[in-house]
Every structure is written in structure tokens, then in C-alpha cells.
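The values are calculated or read from the model by the stated rules, or taken from the named source; none is laboratory data. If you're wondering where the values come from, they're calculated on a predicted model, not measured in any experiment. For neighbour counting, all protein chains shown are included, and Cβ atoms are generated from backbone atoms with ideal geometry for every residue, glycine included. Surface accessibility is based on the protein's heavy atoms, side chains included, excluding ligands, DNA and RNA. Shrake-Rupley method; radii C 1.70, N 1.55, O 1.52, S 1.80 Å.
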Amino acid sequence: MRVSTNMFFSKNLDNVLKQQNEILNLQSQMATGLRVNKASDDPFAKTTFLASNEALVMTNQFQRNIDYAQSRGKLIDTSIGAMTDVMTNVKERMIQAANDTLSAADRRNIAAELRVNLQQLLNTANVRDETGRFVFAGITDDTPAFNVEGQPVNNDPAALNDLYKFTGSESVNELQISREIKIPIDVSGKELLTLEDGDPATSYFSLLQQTIDVLEGNTFSGSPVQTAKNAMDVLGSKMDEIFDKTLVARTRVGARLRQVEETQLANLTLATQYEMTSGKAVGVDFTKSVSEIARMQLSLEAAQRAYSQFSKLSVFNFL
């Protein structure tokens, strides 16, 4: 087959232009840091990139959920700790109040201190997080856990239970912190501070209020707590049950915080892997690209010299 001079020129010119385009393409990739800009460049690499990037976005959302879960969990842990401190003081004062040698004035002084403790506990039970949500109100966390309004009628224990009634939800908020793990981020005030002995349930607050009233010299119709000593025994026993529940709840919160921390570290490892996979799929290997450009430039220069020399030839060079 005979190859015409024009065909030879055209083939060499195409080769020069092709190498120039390849160099420009590599230089463009190095400028953007991306080897694949559209699916047609490398369909498999683009699919890998999209999958890894989607997983990375999801993992980052899990990490944001963890940040909130940690913040809320630490607040709950601190709050329950504050409750148990106050409850410990209440128990000590109740033991003191059961002493038969105390005068009525002594018991009223103890009652005054317990009123302060009662308000401290109510404030803590209705604590809010940084977003203004009530952390012990369950899923209805836009309202207080214990919404106290009015006064008890005739020092009636049932009326006190209704006055200090839990007004939140037993169901708690949950957050997904990894693909496999969803955790509760709340502790319901009902679980924490009430006894399931009726409707409404007896709360620590109503028991403490009864204690205060007895120490102030009041009695309750139909109630076995007719004397201070008897009151401290009967009411104290129920308050101890609730105190034990707060200790168990705090232990669970601590375990949950440890699980959240472990998951956070695992997510960080996954995020790093996803970033590396994504980068390898569509990113530029700069060392390899620099070497490739240098090799292609040498090849291009040789092709350009050959083309230039051949273009100067004519039939007279062969006569």
C-alpha cells in the first residue's frame, strides 16, 4: 500500500496534537486535583467516588448526632448527680428529724431546709439543654417534665401526687449514631423520679412535700404518717426506692456515654477510609502525573522535531 505525502503529514500532525491534548489534560487534572470529572472519564471510578462520598456524608451526620448526644448525655449525668446530692441531704435531715428529742421549732427549721431542697430538685428535673429542650420530659421535650401549678387541698397526699405530677412523656428521643446503632438520648422523669403505684404516680416531690408538711406540724387525713418519726419511716422508705432508681439511671447514662465515645472513634476511622477511597477513585496521583507529563513532553518534542524536519523535505532532496 502506498502512503501519500499528505497522509504522512496528516498522521504526524495528528500525533503531535494528540500528545499536546494529553499533556493539557494532565495539567488540568493537576490543577483541579481530580482525575475524573465526569462519569464518562472512568465510570467505575466515578461510581466508587459517589458511593464513598455518600457514605462520608452519612458518617459526618452521625458525628453531628454524636456531638448532640454527648452534650445532652453529659447534662443529664450532671443533673442526676445533682439530684442524688440533694436527695442524700434530704435523707440525712429526715434521719435527724426522726429524733424524738427534737422540738417543734427544730423540725420546722429542718422543714425550711427541705423546702429549699424541694425547689432545687424541681429546677433540676426541669433543666433544659442548649437548644431549650427539657431533657427529662421525654419526646414532649418542649414542655416541662414536672409542671407544678396550684396548691394541695387539705394536705391530701392524693392531691400532692396530682400537684407534682409528671407531665412529660415516658417515650424518649433517640438518635442514630452509626449505621447499626440508635441510642436513647434522654431519661424520662417518670422513670427517674416516680413510683408506679397509682395514677398519678407518686413522685419524689410529693413525698418530700408530705415530709415538709409533717415537720411543720401538719397531718394528713387517712395517712399513716401521724408522727414525725412514723412519717420519716414511711415516707423515707419510698424516697429511698426513688433514690436507688436515680443511681441505676446514672449508671446507664454513663454506659451510654462510653458507647457514644467508642462509636465516635469508629466513625472517625470510617470517615478517613471513605475520604481515602474517594480520593483514590477520582483524585490525581501527583507524583505519577508529573513523571507522565515529563515523559510525554519529551515524546512531543521529538515528534515536533520529526514533523518539522520532514515538512522541509521535497523531491529534490532525493535527486
Going through 82, 111, 97, 105 one at a time, which residue ends up being open to solvent by less than 60 Å² (accessible area, probe 1.4 Å), in contact with an Asp or Glu (Cβ under 7 Å, 6 or more places away or on another chain) and closer than 24 Å to residue 210 by Cα? 111
With exposed (fewer than 11 other Cβ atoms within 10 Å of the Cβ), of a type outside the set (Val, Ile, Thr) and at pLDDT 95 or above as the only criterion, which of 255, 249 stands out? 255
One residue is enough: does region 120-137 have a residue meeting the conditions among the hydroxyl-bearing types (Ser, Thr, Tyr) and at pLDDT 95 or above? yes
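For region 94-112, give me each residue that is assigned to a helix (DSSP H, G or I) and in contact (Cβ under 8 Å) with a residue 24 or more places away in the chain.
Pass one, region 94-112, residues assigned to a helix (DSSP H, G or I): 94-97, 104-112.
Residues satisfying the conditions are 94, 95, 97, 104, 107, 108, 110, 111.
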Report whether or not residue 66 is at pLDDT 60 or above and within 30 Å of residue 204 (Cα to Cα). no
